[in-house]
Amino acid sequence: MSWNPEVPFNELPALPPPGLDLEPKAVLKATIEARTALATLAQAGQLLPNPNILIRAVPLLEAQASSEIENIVTTADELFKHADSGGGDHATKEALRYRSALFTGVESIKSRPLTAGTAARICSALHGREMDIRAVPGTRIANPATQRIAYAPPEGADNIREKLSDWERFVHATDDLDPLVRMALAHYQFEAIHPFHDGNGRTGRVINILMLIEAGLLNDPILYLSRAIIARKNDYYRLLRAVTAEGAWIDWILYMLDVVRESATSTTRKIGAIRTCQEDIAEQARAATPGARDAQFLAVLFEQPYCRINTVAERCEVSRQTASLWLHALVEAGLLSDAKVGRELLFVNDEFLSVLTRPE
Ligand SMILES: Nc1ncnc2c1ncn2[C@@H]1O[C@H](COP(=O)(O)OP(=O)(O)OP(=O)(O)O)[C@@H](O)[C@H]1O
Ligand SMILES: [Mg+2]
């Protein structure tokens, strides 16, 4: 194949790649390992008294990881601080939109199948404005490490639409390909089509999660998958390119299966650590304030690492004074610290924050 990274790849072939055994022994083995790790994660998730903990927190940390690849760096700390208000600086706002985009996608596939339309909705949520298929030529992907042009995606809105229709058909094809292998192939293809002017990487990584949910391999968007991909960003770029340049599908599939296994395993460990932390703090909190006998109060403390007096008052149906008393008692006991953000007083569950953000 004479492929030139500087010339728009209008001949990008539809999936699946012809005449290739996509599931050789090594792939089958890696598929089993990844699926086992996902099943263990699903079980661990069910043991959490309140799955909202992860549904709120993991997408934020995924947002942080995903915004790092784009070099709009925000800290987990900032993200959690502004999670409810949508405020913060430019980088924080942009990362918070990643979480909205993920939720948009998850909501969308509850009522209709994953399509190119879903991708457009996700990409629009990411950017906070309507995003349509690329119409203007000239988009190039540069390798972030070397800044050299790695790939030129196909051009022409009609051409792109046609390729997206093929992609959709493949996503829902009824052959007997393993759903994880299908996800790997579809992710390459989506990135190679590169339908939007910007946000293709993040949109594609949200779609990975949606494909896992559609396949019944994941119940909620609680997998640190982007983080695992981004931790191996050089491989990610190298292997995407090697598919185009050399048809190196198996290496790509193995990489994707490995990041699924790895992220499922680390998320399971994370759940274990959260449970331990939750139990520890609940016990100490009961000794510090009668408020801790209220299950809602304990729940609020663990929905996010930052909480507000108002949230506690509303959820526990107590006065602001009572809520404030409870929270300050936990500060006295060294279980929370207080922090001023603008004019607001936030209570930080430092232990929980560190459990959430540290790598497992
Ligand atoms: N050689 C390649 N072929 C196809 N796609 C690629 C290649 N190299 C990288 N990509 C994809 O392009 C994405 C970057 O495109 P784009 O800037 O539109 O996405 P983004 O979401 O804005 O950025 P990022 O993924 O860096 O957060 C990468 O994340 C990767 O998924
Ligand atoms: Mg970009």
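Would you check if there is a residue in region 24-35 being under 16 Å from the mean Cα position of the chain (by Cα) and either closer than 23 Å to Ile229 by Cα or not polar (S, T, N, Q) (or both)?
no
Return the residues of region 18-31 that are surrounded by 14 or more Cβ atoms within 10 Å (Cβ to Cβ) and not hydroxyl-bearing (Ser, Thr, Tyr); say none if nothing qualifies.
Scanning region 18-31 gives Leu22, Glu23, Val27, Ala30.
For region 8-17, does any single residue satisfy the condition of being surrounded by fewer than 18 Cβ atoms within 10 Å (Cβ to Cβ) and not in a loop (DSSP other than H, G, I, E, B)?
Within region 8-17, not a single residue is surrounded by fewer than 18 Cβ atoms within 10 Å (Cβ to Cβ) and not in a loop (DSSP other than H, G, I, E, B).
Whether any residue in region 158-173 is at pLDDT below 95, more than 14 Å from ligand 2 (Cβ to nearest atom) and farther than 24 Å from Ser111 by Cα is what I want to check.
no
Any idea which residue in region 225-252 is farthest from Met211 (Cα to Cα), counting only those that are touching a Leu at 6+ places or on another chain (Cβ under 7 Å) and surrounded by 19 or more Cβ atoms within 10 Å (Cβ to Cβ)?
Looking at residues that are touching a Leu at 6+ places or on another chain (Cβ under 7 Å) and surrounded by 19 or more Cβ atoms within 10 Å (Cβ to Cβ), I get Trp249.
Filtering region 50-99 down to residues that are closer than 25 Å to Ala119 by Cβ and hydroxyl-bearing (Ser, Thr, Tyr), which residue is farthest from ligand 2 (Cβ to nearest atom)?
The extreme case among them is Thr92.
Kindly check whether there is at least one residue in region 285-305 that is hydrophobic (A, V, I, L, M, F, W, C), surrounded by fewer than 17 Cβ atoms within 10 Å (Cβ to Cβ), under 30 Å from Pro153 (Cα atoms) and touching a residue at least 12 places away in the same chain (Cβ under 8 Å).
no
Is it the case that Val260 is within 19 Å of Asn50 (Cβ to Cβ), of a type in the set (A, V, I, L, M) and either assigned by TED's automatic domain parsing to the domain that holds Ala42 or buried (at least 19 other Cβ atoms within 10 Å of the Cβ) (or both)?
Judged against the criteria, Val260 is not a match.
Assess whether Leu327 counts as being touching a strand residue (DSSP E or B) at 6+ places or on another chain (Cβ under 7 Å), farther than 18 Å from Val58 by Cβ, outside the structural domain of Val58 (by TED's automatic domain parsing) and of a type outside the set (Asp, Glu).
Answer is yes for this residue.
Within region 340-353, does at least one residue satisfy the condition of being surrounded by 22 or more Cβ atoms within 10 Å (Cβ to Cβ), at pLDDT below 95, within 13 Å of Ile274 (Cα to Cα) and of a type in the set (A, V, I, L, M)?
Scanning region 340-353, I find no residue that is surrounded by 22 or more Cβ atoms within 10 Å (Cβ to Cβ), at pLDDT below 95, within 13 Å of Ile274 (Cα to Cα) and of a type in the set (A, V, I, L, M), so the answer is no.
Any idea which of Thr311, Thr276, Thr267, Thr357 is modelled with pLDDT under 95 and farther than 17 Å from Arg56 by Cα?
Thr276
Condition first: surrounded by fewer than 20 Cβ atoms within 10 Å (Cβ to Cβ) and not aliphatic (A, V, I, L, M). Now tell me which residues in region 57-77 satisfy that.
Passing the criteria: Glu68, Glu70, Asn71, Thr75, Asp77.
May I ask you to say which residue of Phe80, Phe103 is surrounded by fewer than 17 Cβ atoms within 10 Å (Cβ to Cβ), under 23 Å from Ser266 (Cα atoms), touching a residue at least 12 places away in the same chain (Cβ under 8 Å) and aromatic (Phe, Trp, Tyr)?
Answer to the check: Phe103.
Restricting to region 209-228, count the residues that are closer than 24 Å to Tyr151 by Cα and either in contact (Cβ under 8 Å) with a residue 40 or more places away in the chain or among the acidic types (Asp, Glu) (or both).
Residues that pass the stated criteria total 3.
Would you be able to tell me the number of residues in region 174-221 that are within 16 Å of ligand 2 (Cβ to nearest atom) and small (Gly, Ala, Ser)?
Total satisfying the criteria: 4.
If I go through region 344-360 residue by residue, how many of them are closer than 20 Å to Ile55 by Cβ and among the aromatic types (Phe, Trp, Tyr)?
Within region 344-360, residues that are closer than 20 Å to Ile55 by Cβ and among the aromatic types (Phe, Trp, Tyr) number 1.
The values are calculated or read from the model by the stated rules, or taken from the named source; none is laboratory data. The shown structure was predicted, so the numbers you read here are calculated from the model rather than taken from an experiment. Positions of Cβ are backbone-derived with ideal geometry, glycine not excepted, and every protein chain shown enters the neighbour counts.
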